[in-house]
Each structure stands twice: as C-alpha cells, then as structure tokens.
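Asker: One structure coming up, written as structure tokens, with questions to follow.
What follows draws every value from the coordinates through simple rules; no lab data is involved. Note that the structure is a prediction, hence the values are computed from the model and not measured. As a convention, Cβ positions derive from the backbone with ideal geometry for all residues, glycine included, and neighbour counts pool all protein chains shown.
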Amino acid sequence: MLLKIQHIVIFITICAFTGCREQPVLISREQGRQLPITDSLNGMDSLEAFIAPYRNRLNQVLDSTLAYAPYTISKTDGTYNTTAGNLLADIVLQEANPIFKVRTGKDIDFVLLNHGGIRSVISAGPVSARTAYEVMPFDNTIVVAELNGKTVRDLVAFLIQANVPHAISGIQVVLNRDGTLKEVNIQGVPFDENRHYYVATSSYLTQGGDDMDFFKDALGITETDYYIRNAMIDYFKKVDTLRPKLDNRFMKTGSL
C-alpha cells in the first residue's frame, strides 16, 4: 500500500512539473507593411513638448559661435591644395600631436586626409560646432600609422596620381613642370627613405578607404580615440579667425 502511495505521489509531481513548463510558441505566419516616415505624419503635442527643451539646448550648443571665417573655405578652390584641406590637415596635426606625444613619446611627422571626407564648405561668417558636424559628419577618429620609407614613397605616388587635392600637412610635395616628382620634404627636412615616419590620418583610411591601400602596410597603428570632428571643435574654440591659404605644401614648379 505504501509503495502505491509513493508511486501516486511521484506521478502527481511529474504531472505538476510538466504542466507548469512553458510551452514553445510556434509562429505559423509573418506579415508586415512599410510605414514611410514623412512630413505628412502628424506630431504628438505631448512628445513635442517633452523633446523641446532638449532640442533647444542642443541647437544652442551647436550654433554658438566659436570662431569667424572672413571668407568661404572650400575644398575646390585650389588645384594641388585647398583652403579647406589645408585647414583640416593643420588642425589634425596641431590637436592630435600632444595626445600621440603623451602616449608614445614621439611626434607626428605629417598628416594625410582624403579629399572626399570633407563634406561641406565653411561659409563666411560665424563658425560653430554645427559647422564641424557639417564638414565632418562621420565618426572617424584620428589614428597614427607608422610607415617605412618605401610605403611613404607609395603614399607620395598616390598623391601625384590622384585627380583631387587630398589634404596634407607637415609634408611638402613639389612636382616638375612635366608632373614628375621633384622633391619631398617632411617637417622641412628632405625625405629619408631609410627612416620610419608617423602619419596621422583617419581611421577610415587605415582600412584602405578611398583606395589608400598603402596604409595596410603600416608597421603599427596608434589609436588616439579622438574624433576628427572634435579636434575641429577644440581648434575653433582656441582661435578667433580662420584664415587658411593656398600654399606650397603641394605644388608644381612655378605654380601653386
């Protein structure tokens, strides 16, 4: 009799556990429809009221004047170098070098950024944080690639063959009248193929972006964790007026 009772208790316990177990949900059919988001959708007053103070504060921060541009700064105003490219590359060199110096004890030798990464002009007038977002909307950070002499030669060859003026700073490339290479100077010193150079660039380019495959031959990459856009904003806060010029950093003999 006792044995039968034990069997009954075990049976009831098993039934209780299996009965409480969550049964899997089987999906027999899926369907959906596209809901386009356009200005025809009516806003919710309560949601708008909730967002308004945050939107107003964000716009206030983005639109506060940080510097002034007396003329339009563009990436199309020069053949071999441009005011926008020169400004952006100079900013990267100035703002990123202290970070790189602290982390490695070394200095950045020169900068290379891609022409296509500059997405807007800097219009004449007030310059703000929003300006930086318009010029550099991508979340690309500044990284420093260690390149040997051969790879730097490949880099220079790429610049000469390019159909657009990529942004450079700290390096000078001078062409003969026939377009062949005349000289390369880095930080005012003739290029030395037997040494290594530290080149600041965009995280996008070190991955081979814009066909800059030579960065894949880097001996090492140092990440600064510093957005190019943030470097621009920090620079704008330090200066009163932006006055980039076309110069001889990339030129053909007898012309800029």
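Asker: At what distance in nm do the modelled label points of ASP225 and LEU58 sit from each other, each positioned 7 Å from its Cα along Cα→Cβ?
Answerer: 2.5 nm
Asker: If you don't mind, another one. If the elastic network links every pair of Cα atoms under 10 Å, which of PHE50, PHE236, PHE191 fluctuates the most in the Gaussian network model of the chain?
Answerer: PHE50
Asker: Also, quick follow-up: Relative contact order, percent, of the chain when contacts are C-alpha pairs under 8 Å separated by at least 6 residues? Working shown, then result.
Answerer: Values: 421 pairs, mean separation 68.9, N = 256.
RCO, the chain: 27 percent.
Asker: Calculate how steeply helix 83-104 sits against the longest principal axis of the alpha-carbon atoms of the chain, using the helix alpha-carbon long axis, and give the answer as 0 to 90 degrees to the nearest 10.
Answerer: 70 degrees
Asker: Based on the Kirkwood radius over alpha-carbon pairs, what value in µm²/s does the Stokes-Einstein equation return for the translational diffusion coefficient of region 174-256 at 10 °C and 1.306 mPa s?
Answerer: Values: Rh = 16.1 Å.
The calculation lands on 99 µm²/s.
Asker: What's the FRET efficiency of ASP234 with LEU26 using the Cβ-Cβ distance as r and R₀ = 41 Å, to the nearest 0.05? Display every interim value, and only then the final one.
Answerer: Values: r = 56 Å, r/R0 = 1.37.
FRET efficiency, ASP234 to LEU26: 0.15.
Asker: Let me ask another. Given +1 on the Cβ of Lys and Arg, -1 on the Cβ of Asp and Glu, and no further charges, what dipole in debye does the chain carry about its Cα centre, rounded to the nearest 20? All intermediate terms of the calculation are to be shown ahead of the outcome.
Answerer: Numbers: 25 positive and 28 negative charges, 69 e Å.
Rounded to the nearest 20 debye, it is 340 debye.
Asker: If you wrap a convex hull around the alpha carbons of region 103-160, what volume per residue comes out, as a whole number of Å³?
Answerer: Residue-normalised Cα hull volume stands at 140 Å³.
Asker: Please give the length that would be gained between ARG177 and ASN194 if that part of the chain were fully extended, namely 0.36 nm times their separation in residues minus their C-alpha to C-alpha distance (nm, one decimal). Each step should come with its number before you reach the end.
Answerer: Values: separation 17, 0.36 × 17 = 6.12 nm, distance 2.77 nm.
Here the segment from ARG177 to ASN194 would lengthen by 3.4 nm.
Asker: In the Gaussian network model of the chain, springs joining C-alpha atoms below 10 Å, which of GLY43, GLY188, GLY220 carries the largest mean-square fluctuation?
Answerer: Per the Cα network of the chain with a 10 Å cutoff, GLY43 tops the list.
Asker: Continuing with this model, one more query. Given the convex hull of the Cα atoms of region 117-237, what is a quarter of its surface area in nm²? Don't skip to the answer; put the middle values down first.
Answerer: On the way: hull surface 34.5 nm².
Result: 8.6 nm².
Asker: Continuing with this model, one more query. Once the Cα atoms of helix 149-161 and of the chain are each reduced to a long axis, what angle between those two axes, in degrees from 0 to 90 to the nearest 10, is obtained?
Answerer: It works out to around 80 degrees.
Asker: Give me the distance in nm between label points sitting 7 Å out from Cα along the Cα-to-Cβ direction at ASP39 and ILE160, one decimal.
Answerer: According to this spin-label approximation, the distance is 5.2 nm.
Asker: For the chain, what is the mean residue ellipticity at 222 nm derived from helices alone (per DSSP H run of n ≥ 4: -39500 (n - 2.57); sum divided by total residues; nearest 500 deg cm²/dmol)?
Answerer: Numbers: 6 runs with 91 residues, N = 256.
For the chain, the value works out to -11500 deg cm²/dmol.
Asker: Of the peptides 71-78, 212-219, how do they stack up when ordered by the mean number of other Cβ atoms within 10 Å, highest first?
Answerer: Working: 71-78: 18.1, 212-219: 16.6.
Descending mean neighbour count gives 71-78, 212-219.
Asker: Still on this model: Please go through the residue pairs LYS216/LYS237; LYS75/LYS150; LYS101/LYS150 and name each one whose alpha carbons sit more than 26 Å apart in this structure. List each step's numbers first, then the result.
Answerer: Numbers: LYS216/LYS237 34 Å; LYS75/LYS150 29 Å; LYS101/LYS150 24 Å.
Among LYS216/LYS237; LYS75/LYS150; LYS101/LYS150, the Cα-Cα distance tops 26 Å for LYS216/LYS237; LYS75/LYS150.
Asker: Follow-up question, since we're still on this one. Cα-based Rg of region 53-107 per 2.2 N^0.38 Å, rounded to two decimals? Before the final figure, lay out the partial values.
Answerer: On the way: Rg = 16.5 Å, N = 55, 2.2 N^0.38 = 10.1 Å.
My calculation over the Cα atoms of region 53-107 gives 1.64.
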